Every structure is written in structure tokens, then in C-alpha cells.
Amino acid sequence: MERKIAILATHGFEESELRSPMEYIEQQGWVAEIVSPEAGNIKSWADKNWGMEYNVDVVLKDANPNNYDALVLPGGVMNPDKLRMDENALRFVKAFFEEGKPVAAICHGPQTLISADVVRGRKMTSFPSIKDDLINAGAEWVDEEVVADHGLVTSRTPADLKAFNEKMSEEIREGKHFHASY
């Protein structure tokens, strides 16, 4: 069954945290589309410097969450910090939770989920520096390689990408998951 997965990102995303899930999604025979507030290309962050540019497939204001089976949120420090202040991005993210669609967020990616107000009551992990933010937003934070909670998949760092990708694809295959908060 062909599935289409949105990868929501903007300038400053951690390159490996977009590239690795995107390649894994495509290896499953699914379609991965980069959705961004910007048209054209967005620039990654890699090894403490700017990295490659990636083509944006769909501009966020034109993106319809109903066209996607799941959502991936790569980290990086700048990327989620910009997305969490974008009302269109927050609406886009919330729509996946309202429909019970799988969402996978790695590293600093959960910062966008905090601002979308969708972490309360969820078991999650993240980059250690946002542990307190997640706890203060109502999540149960654990220090594990990968955590799945009713279709929400989270991991800590690029070192966890193998487990992240495997769990993400498992949750996508399972389909919709509903949490008590929705």
C-alpha cells in the first residue's frame, strides 16, 4: 500500500534527521514530501555548519494534512524554533494528532509539538536540553533510544536514527492511533 509522508522542515534542520527518514520512507516504496513555509530550497545544518540544500515539494500554506498518512519532524536547533512560531505549522501538526495519524519527531523536533499543545499525557524522549520543556508541557520524558506512544514516535539524537526509522515505519504501517487526549 503506497503511503505519502510529510516531512515538515525549514532552514536549519539537522541534515541527517531529514535525509535518513526520507530515504527510509522511500525504501518502503512510499512517497516522502518536504513541506516548508518557504518555497524553493531549504538549507540543512550538518557538522556544526550549513549543509546541503533540499528541494521543497509543497509550500506549507498550500499543504493539506488530509493528503498525508504521517508526519516527520526533524530536529536541529533553528528548524523547530522557527516552526513553533508559525501558526500554519502548528495547525498542520495538530491536524495529524486530531486524525490519529502517526507523527515522528527527533532531537529538538518535539519543540514544535510543545507549541502545538499535543504532548500532554504522552510518553516521549528528545534531545536532553528540551527534557524540562517537555515535562513542563505535560509529557512523561524518558531517556530511551526510541519511544512510541499511540502513534507518536520520538528519539533523542542522530545516533538513534536506525531505531527511529524502524519504529516510525512500523507505526505508519499500523495506521491511525488515537490517544485519550483527542
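Every number here is computed from the coordinates shown, using simple stated rules; none is lab data. Here the structure is a predicted model, which is why all the values come from computation and not from measurement. FYI the Cβ positions are ideal-geometry reconstructions off the backbone, even for glycines, and counts take in every protein chain you see.
Viscosity 0.692 mPa s, temperature 37 °C: what is the translational diffusion coefficient of the chain from Stokes-Einstein with a Kirkwood Rh over Cα pairs, rounded to a whole number of µm²/s?
Here the translational diffusion coefficient equals 210 µm²/s.
So how far apart, in nm, are the two label points at Val142 and Ala163 if each is 7 Å from Cα heading toward Cβ?
In this crude spin-label approximation the distance works out to 1.0 nm.
Counting alpha carbon pairs within less than 8 Å and at least 6 residues apart, what relative contact order, in whole percent, applies to the chain?
Relative CO of the chain lands at 20 percent.
So who's got an amide H within less than 5 Å of the one on His177, skipping anything under 5 residues away but keeping other chains? H placed 1.01 Å off N, in plane.
Sorted by chain and number, the residues that satisfy this are Lys101.
Run the helix sum for the chain: -39,500 (n - 2.57) per DSSP H stretch of 4+ residues, divided by residue count, reported at 222 nm to the nearest 500 deg cm²/dmol.
-9000 deg cm²/dmol
Beyond 27 Å between alpha-carbons counts as too far, so tell me which of Lys4/Lys131; Lys43/Lys176; Lys61/Lys82; Lys94/Lys123; Lys94/Lys167 fall in that bin.
Violating the 27 Å Cα-Cα cut-off are Lys4/Lys131; Lys43/Lys176.
Kindly state, as a whole number, the per residue volume in cubic angstrom of the convex hull around the alpha carbon atoms of segment 79-182.
82 Å³
For a quick check: with amide H placed at 1.01 Å from N, whose amide H comes under 5 Å from Glu140's, ignoring anything fewer than 5 positions away on the same chain?
Under 5 Å from the amide H of Glu140: Gly121, Arg122, Lys123, Met124.
What residues have an amide H closer than 5 Å to that of Ile7, excluding those fewer than 5 places away on the same chain, when H is modeled at 1.01 Å from N in the peptide plane?
Correct list: Glu33, Ile34, Val35, Val72.
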